[in-house]
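Participant: Can you read through this structure? Questions will come right after.
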Amino acid sequence: MKLDGKVALVSGAGRGIGRAIALKLASEGARVVVNDLDAEPANETVTAIRAAGGVAVTCPGSVVEPEFGERFVKTALDEFGGLDIIINNAGFTWDSVIQKMTDEQFQAVLDVHVTAPFRILRAAAEPIRRFAKQETDEGREVFRKVVNISSVSGLGGNAGQINYAAGKAAVVGMTKTLAKEWGRYRVNVNCVAFGFIQTRMTQPIADTNEPVDVGGRAIKYGVQPALLDTLAKQQIPLGRLGTVEEAANGVYLFCIPESDYISGQVITVGGGIRF
Ligand SMILES: NC(=O)c1ccc[n+]([C@@H]2O[C@H](COP(=O)([O-])OP(=O)(O)OC[C@H]3O[C@@H](n4cnc5c(N)ncnc54)[C@H](O)[C@@H]3O)[C@@H](O)[C@H]2O)c1
């Protein structure tokens, strides 16, 4: 298996794309620390990984808590004695046009997509440097992997998402910066920007849709059905939205040894979407 012996952190892995990433990495032999804001879906992901013969533990809680990064990293070190793969996936959208967007709304989305990954990666710096020094002293070259999740909204902009687009653009800057800082430690730092992937975030808007509770906030998720149809027919050359498994496969490419000489890159996983 490609990831035998590796230890992976996946944030927001209780549902959607993060869940599929955790399952994929575990199916290739990685031991996974599964985070989600909501403990129940995080536990369910761990149960699914174990049922398939994999190894995983949960680290529930909000990634925006100031101490979360330290706790996430410590869980990997305490439970599995290593830290090889970090996937910054947790997030949510909270849309509105600029004149209706509150400071809280703008900041909350930056907190989850920018500040939280920054703190997780900062917490990982010390153990990564320590492991890298030891491996260098032993004459071994071991690659570690960071994959930050962005969006075509961050690369091309999207009306109604000035908070989210700003956050997802910042993820690209963080990725490129850390690729330069951590090359010396043999860490590949890359970014995957999704197009439209089928999750609760991109469900067709309907009167029957209940708002989703995200950390106590009632968020109305969804995309107008007509827009989804136009997207699929006119803007996505592959003709449909992606599945969570297809999204996870894009992330997986940056986690395997075949990508050891690729760093600081952004790939779009979106069926060829024009944006
Ligand atoms: N679905 C898409 O089309 C799409 C497109 C581009 C980018 N993305 C990005 O992909 C990632 C996953 O999105 P998804 O579509 O799977 O959404 P999702 O809502 O299905 O899953 C996101 C998970 O993150 C968790 N989460 C949210 N806030 C959190 C917090 N503060 N701490 C810990 N966990 C938290 C949620 O509880 C949820 O389980 C996000 O970063 C999202 O912005 C998704």
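The values are calculated or read from the model by the stated rules, or taken from the named source; none is laboratory data. This structure is a prediction, so every number in the text was calculated from the model and none was measured. Virtual Cβ from ideal backbone geometry, glycine too; neighbours counted across all protein chains shown.
Participant: Filter segment 47-73 down to residues that are within 21 Å of N188 (Cα to Cα) and touching a residue at least 60 places away in the same chain (Cβ under 8 Å) and give me whichever is nearest to the ligand (Cβ to nearest atom).
Facilitator: If we take residues in segment 47-73 being within 21 Å of N188 (Cα to Cα) and touching a residue at least 60 places away in the same chain (Cβ under 8 Å), then F72 is nearest to the ligand (Cβ to nearest atom).
Participant: Can you pull out the residues in segment 35-73 that are under 19 Å from M1 (Cβ atoms) and in a loop (DSSP other than H, G, I, E, B)?
Facilitator: Correct list: A52, G53, G54.
Participant: Condition check: out of contact with any Leu (no Cβ under 8 Å at 6 or more places or on another chain), closer than 25 Å to A125 by Cα and among the polar types (S, T, N, Q). Does N43 satisfy that?
Facilitator: It is false that N43 is out of contact with any Leu (no Cβ under 8 Å at 6 or more places or on another chain), closer than 25 Å to A125 by Cα and among the polar types (S, T, N, Q).
Participant: Condition (residue is farther than 18 Å from F92 by Cα, in contact (Cβ under 8 Å) with a residue 40 or more places away in the chain and surrounded by fewer than 19 Cβ atoms within 10 Å (Cβ to Cβ)) applied to segment 227-238: is it met by at least one residue?
Facilitator: Checking segment 227-238: at least one residue is farther than 18 Å from F92 by Cα, in contact (Cβ under 8 Å) with a residue 40 or more places away in the chain and surrounded by fewer than 19 Cβ atoms within 10 Å (Cβ to Cβ).
Participant: What pairs come out if I take residues in segment 157-170 that are surrounded by fewer than 19 Cβ atoms within 10 Å (Cβ to Cβ) and pair them with residues that are in a strand (DSSP E or B) and not hydrophobic (A, V, I, L, M, F, W, C) whose C-beta lies under 7 Å away, six or more apart or interchain?
Facilitator: Filtered contacts from segment 157-170: G160/S96.
Participant: Also, I was wondering about something else. Hey, does segment 240-251 have a residue that's modelled with pLDDT of 95 or more, farther than 25 Å from L37 by Cα and touching a strand residue (DSSP E or B) at 6+ places or on another chain (Cβ under 8 Å)?
Facilitator: Checking segment 240-251: at least one residue is modelled with pLDDT of 95 or more, farther than 25 Å from L37 by Cα and touching a strand residue (DSSP E or B) at 6+ places or on another chain (Cβ under 8 Å).
Participant: Using the structure shown, decide if I262 is in contact with a strand residue (DSSP E or B) (Cβ under 7 Å, 6 or more places away or on another chain), more than 11 Å from the ligand (Cβ to nearest atom) and not in a strand (DSSP E or B).
Facilitator: Working: in contact with a strand residue (DSSP E or B) (Cβ under 7 Å, 6 or more places away or on another chain): yes; more than 11 Å from the ligand (Cβ to nearest atom): yes; not in a strand (DSSP E or B): yes.
Judged against the criteria, I262 is a match.
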